[in-house]
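S.K.: Below are the structure tokens for one structure; questions will follow.
The values are calculated or read from the model by the stated rules, or taken from the named source; none is laboratory data. These figures come from a predicted structure and were not determined experimentally. Counting neighbours? That spans all protein chains shown, and the Cβs are built from the backbone with ideal geometry, glycine included.
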Amino acid sequence: MSTALDDISYWARGTGLEIVLLVTGAVLLARFVAWYGARWIERVDPEDAETENLVRSEDAKRQHALIQLLTWVLVVVVYVLAGITLIQTLGFSLTAIVPAATVAGVAIGFGAQRIVQDLLAGFFIFAERQYGYGDLIRIAVLGVSQPVLGTVDEVSLRTTTVRTPAGEVVITPNGQIVQMTNLSRGWARTVIDVPVPSTVDVTHVSDVLRAVGRAAYDDEELRPLLLDVPTVMGVESMEVDQFQVRVVARTQPGKQFVVGRAVRELIAREFLAEGIGTAAQVNDEGTAGRDD
């Protein structure tokens, strides 16, 4: 009995202690990598804020996403190396394990094709700079009828995390994304179709809308969000009892919805002052563009 206890005590003071130190060191190192990555991101964000840009620059978004990727990869590497060292510490031969691991890897590979697909899709997202942290995107997911609209919270090789305007966090495997629309790349545009009764003078309506566009551009709060004066494109469609006049405004990336709401409010206020009634509610559609 004493011999067994001595053996256990000897193992605990030798191999057991080494295993505890190895696991503890791996966990601490992984947490340090995650902590340092978070600190690095904090340094990137204030630098971008000091430029007085209303929207996050493409370089800052790229750096943020790259830091997240590197942090994730380094944490995985730490745990993989710790696992290999732990196997060796327990006395197992890697030479004997490699053939079995190869067979198991092939079997897992066939069963984990979707994971491989997600990782490859994530790689191309980074390589092609499709989107990054802070981007406003709309993604269509395989098997889901309604696309998801929201701001990118995190991008890894396997998943994309988006926070919707309602505050919901949606995590989507990268391989399941069939279409992505970036609403905050370069510049954006808000399109407002104003329905007006056919009895109203279209020239007068156009003049009022041009005045609204100039007022929006002169507004202290809206001016930084607009790239130029909103343009009245003219009559977009005609029906028996109404016609629609289209107003288009180019905005800072991701700010098209804010500008659209503000311009609609100005239009409604000005129409009320001019005694112009709308045939229906003002429709708004936000789109994004890119200077190429």
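S.K.: Which one is farthest from Gly186 (Cα to Cα) among residues in segment 217-251 that are surrounded by fewer than 19 Cβ atoms within 10 Å (Cβ to Cβ) and within 27 Å of the chain's Cα centre (by Cα)?
M.R.: Glu221
S.K.: On to the next question. Collect the residues in segment 116-160 that are loosely packed, with under 15 Cβ neighbours inside 10 Å and in a helix (DSSP H, G or I), keeping them in residue-number order.
M.R.: Of everything in segment 116-160, those that are loosely packed, with under 15 Cβ neighbours inside 10 Å and in a helix (DSSP H, G or I) turn out to be Val116, Leu120, Phe123, Phe124, Ala127.
S.K.: Got a sec? Which of Thr164, Thr159, Thr151 is modelled with pLDDT of 85 or more and under 19 Å from Trp72 (Cα atoms)?
M.R.: Numbers: Thr164 fails: under 19 Å from Trp72 (Cα atoms); Thr151 fails: under 19 Å from Trp72 (Cα atoms).
None of the other options fit; the residue is Thr159.
S.K.: Would you tally the residues in segment 155-176 being under 23 Å from Gln252 (Cβ atoms) and touching a residue at least 60 places away in the same chain (Cβ under 8 Å)?
M.R.: 1
S.K.: For the list (1) over 24 Å from Leu149 (Cβ atoms); (2) in contact (Cβ under 8 Å) with a residue 24 or more places away in the chain; (3) out of contact with any helix residue (DSSP H, G or I) (no Cβ under 8 Å at 6 or more places or on another chain), I need the number of the one condition that Gly254 fails.
M.R.: (1)
S.K.: I've got another one for you. Which of (1) in contact (Cβ under 8 Å) with a residue 12 or more places away in the chain; (2) in contact with a Phe, Trp or Tyr (Cβ under 9 Å, 6 or more places away or on another chain) is the odd one out, the single condition Arg223 does not satisfy?
M.R.: (1)
S.K.: For segment 190-233, how many residues meet the condition of being in a strand (DSSP E or B) and either under 13 Å from Arg246 (Cα atoms) or charged (D, E, K, R) (or both)?
M.R.: From segment 190-233, those in a strand (DSSP E or B) are 190-197, 226, 231-233; that's our starting set.
Imposing the further condition that a residue be either under 13 Å from Arg246 (Cα atoms) or charged (D, E, K, R) (or both) reduces the set to 190-196, 231-233.
Residues flagged as in a strand (DSSP E or B) and either under 13 Å from Arg246 (Cα atoms) or charged (D, E, K, R) (or both) within segment 190-233 amount to 10.
S.K.: Take segment 236-256 and flag every residue that is modelled with pLDDT of 90 or more and either hydrophobic (A, V, I, L, M, F, W, C) or not in a strand (DSSP E or B) (or both).
M.R.: Passing the criteria: Val245, Val247, Val248, Ala249.
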